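The structure appears below as C-alpha cells.
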Amino acid sequence: MLIEQRDSLRGEITVPGDKSISHRAVLLGSLAKGTTEISGFRMGEDCLSTIDCFRKMQVGIEILANNKIKVHGNGLYGLKPPSSPLNAGRSGTALRLLLGVLASQPFNSVLTRNEASIRKPVGKVVKPLRDMGAIINGRDDGNLCPLAISPSKLTGQVHRLSLRDTQIKSPLLIAGLYAQGDTKVIEAVKSRDHTELMLSYFGADINVNGLEVTVRNVENLYAQSIEVPGDISIASYFMTAGLIVPNSDIVIKNVGVNPTRTGIIDVYKSMGAKIEILNERTVSNEKIADIRVVSSQLKATTIEGDLIPRLIDEIPIIAVAAAMANGKTTINNLKGFKLKDSGKIKMLTTELSKLGALVQETEDGLIIEGGKTLTGTIVEGYNHPAITMALCIAGLVAEGETMIRKSQILDIAYPEFISVLNKL
C-alpha cells in the first residue's frame, strides 16, 4: 500500500457502523420477541460471525441491501440447540457475548474461534460465569477454546471489575438476564455502556447507579428498530488526518458520540484541536453527532487513569497525532490491556520510529517527543488494522511516499478505507 504526502484534506464523509453496537443489536434482537430491524449494520467479518452463530441456533436473520438487517427473534427462551460448533471467528467481542448467552441455555453447545485466534485466553470471562453456576469446560481449565457449555441454573452474583476487566461486563449482564436474583457489576471506572443502553431499549430490568449496574431476570425482551451510529474508532483516523494535514476541513457525519467512547475528543481538545460536535441527537438510546475537524497546531498532553478505557482502541492513532504535536506527550497505565500485553505498542513504536518520529515504549505506556519532521519510507502494518490505518495517516504528513507492507487485513477490517481517504 502506497501513501503520498498530502497538502490538504477537505470534504464530508461517513464511516461504517459501530462494531460494538452491531454485535449487540444482533444478539439482543435474537433474544427478543418480534422482528428487530437494524440499519447502519457493520458488514465486517466479526459481526457476520455473530449472525452465523445465532442462525445456527435457529434464529431467522435476513441480510438486506444498504447495511440493513432483519432479525426475527426467538424470545429470551427460544434458542434451539446448534447442530455444530459455534465459531466466533476472529472476534473476541462475539465470543464473550455468546458465552453470556450460552451459559444458561437448556442445551449443550460448543463455542470456538478461528485458527488465528484459538490460542487467545478466555479465562477472564469463564471464571465469573462459573461463579454464577455456569458449567464451562475447555483446554487449560477453560482458559482456551474450544469451550463446551452444559445446561445449568445461574445465580446472580456481585462482580467487582478492575480497570482492566471492563470487557467482561457485558457477558455478565447478559447472563444476568437468565440468573435467579440480582446480578450486579461494580466497575472501577466507567467503561463502554452500549450493553446497558441497549438492554434498557429492549425492555430489560436494568438499573445503572454510578459505577454499579444491576440486571434482573425477566420473562422476555421485545424487538426494536435500531440505527447503528458510525464507529468513532474508525472516525478517529479521519479526525486525526484533518487535524495534522495542513489546510484541512473535514466533516464526519452520523458518528456515535457515547460519552464512554469520546476520550479521544476530550484529549484532542486538551491538545488545542479545532473540533466541533454538530447536530447532536439521541437515536436508539445512543448519542449521535456530526464531527467537524479543522487543521490545528497541537500541543503535547498526558493521558492516563480513567481516560484510558475511553480511548484504548484509539491509542495508535493518538500516537501519530502526538508525533506532530509540540512537546512531549506521555501515555500511562496501558499495562494489563491487550494492546500493550500483545506487543502491539512495540510494533507501533518500531514503525513510527522508521518514519522519524521520536517514540519510546515504557513499562507502562508510551512517550512521544513531538514536532519532528516525518520522512516516507517502507513500514510494516503487521496485518493489524489499527496499526496499518495509523501508519496510513502518518504517511499523509511524511515527506515523499510511505510504503506499508502487510496491510491486507484492511481488505477484511475496512476495505473502503483508502477510497474514502482519497475522496478528501
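The values are calculated or read from the model by the stated rules, or taken from the named source; none is laboratory data. A quick note: this is a predicted structure, and the numbers were derived from the prediction, not measured. Neighbour counts are summed over all protein chains in view; Cβ atoms, including those assigned to glycine, are modelled from backbone coordinates with ideal geometry.
Within the range 361-372, being modelled with pLDDT under 95 and surrounded by fewer than 20 Cβ atoms within 10 Å (Cβ to Cβ) holds for GLU361, THR362, GLU363, ASP364, GLY371, LYS372. Scanning for something of a type in the set (D, E, K, R) and closer than 25 Å to VAL215 by Cα, does the range 112-122 turn up at least one residue? No: the range 112-122 contains no residue that is of a type in the set (D, E, K, R) and closer than 25 Å to VAL215 by Cα.
Summed over the range 397-406, residues that are surrounded by fewer than 24 Cβ atoms within 10 Å (Cβ to Cβ), more than 17 Å from VAL359 (Cα to Cα) and of a type outside the set (Lys, Arg) total 5.
Being assigned by TED's automatic domain parsing to the domain that holds GLY40, touching a residue at least 12 places away in the same chain (Cβ under 8 Å), of a type in the set (A, V, I, L, M, F, W, C) and part of a strand (DSSP E or B) is a description that applies to VAL213. Going through (1) touching an Asp or Glu at 6+ places or on another chain (Cβ under 9 Å); (2) closer than 24 Å to CYS145 by Cα one by one, SER49 falls short only on (1). Scanning the range 242-256 finds no residues that are closer than 29 Å to ILE168 by Cβ and in a helix (DSSP H, G or I). Consider the range 105-159. How many of its residues are closer than 25 Å to ARG216 by Cα and basic (Lys, Arg)? Adding up the residues that qualify gives 4. When the range 389-413 is limited to residues that are in contact (Cβ under 8 Å) with a residue 24 or more places away in the chain and acidic (Asp, Glu), the one that is nearest to SER91 (Cα to Cα) turns out to be GLU401. Residues in the range 354-379 that are more than 23 Å from SER342 (Cβ to Cβ) and either in contact with a Phe, Trp or Tyr (Cβ under 8 Å, 6 or more places away or on another chain) or not polar (S, T, N, Q) (or both): GLY356, LEU358, GLU369, GLY370, GLY371, LYS372, LEU374, GLY376, ILE378.
Every listed requirement among (1) part of a strand (DSSP E or B); (2) under 19 Å from ARG42 (Cβ atoms) is met by MET239 save one, (1).
Selection of the range 93-125 for residues being among the small types (Gly, Ala, Ser), surrounded by fewer than 20 Cβ atoms within 10 Å (Cβ to Cβ) and part of a loop (DSSP other than H, G, I, E, B) yields ALA116, SER117. For ARG90, the conditions (1) within 30 Å of ASN383 (Cα to Cα); (2) out of contact with any strand residue (DSSP E or B) (no Cβ under 9 Å at 6 or more places or on another chain); (3) assigned to a helix (DSSP H, G or I) are fulfilled apart from (3). Answer yes or no as to whether ILE288 is part of a strand (DSSP E or B), touching a Phe, Trp or Tyr at 6+ places or on another chain (Cβ under 8 Å) and either without any contact (Cβ under 8 Å) to a residue 24 or more places away in the chain or closer than 19 Å to PHE238 by Cα (or both). Considered against the rule, which asks whether it is part of a strand (DSSP E or B), touching a Phe, Trp or Tyr at 6+ places or on another chain (Cβ under 8 Å) and either without any contact (Cβ under 8 Å) to a residue 24 or more places away in the chain or closer than 19 Å to PHE238 by Cα (or both), ILE288 comes out as no. Scanning the range 262-285 for residues that are without any contact (Cβ under 8 Å) to a residue 60 or more places away in the chain and outside any strand (DSSP E or B) yields THR262, GLY263, ILE264, ILE265, ASP266, VAL267, TYR268, LYS269, SER270, MET271, GLY272, ALA273. Listed by position, the strands (runs of 3 or more DSSP E) contained in the range 351-424 that have at least 1 residues being of a type in the set (D, E, K, R), under 21 Å from LEU298 (Cα atoms) and not assigned by TED's automatic domain parsing to the domain that holds ARG90 are 366-369.
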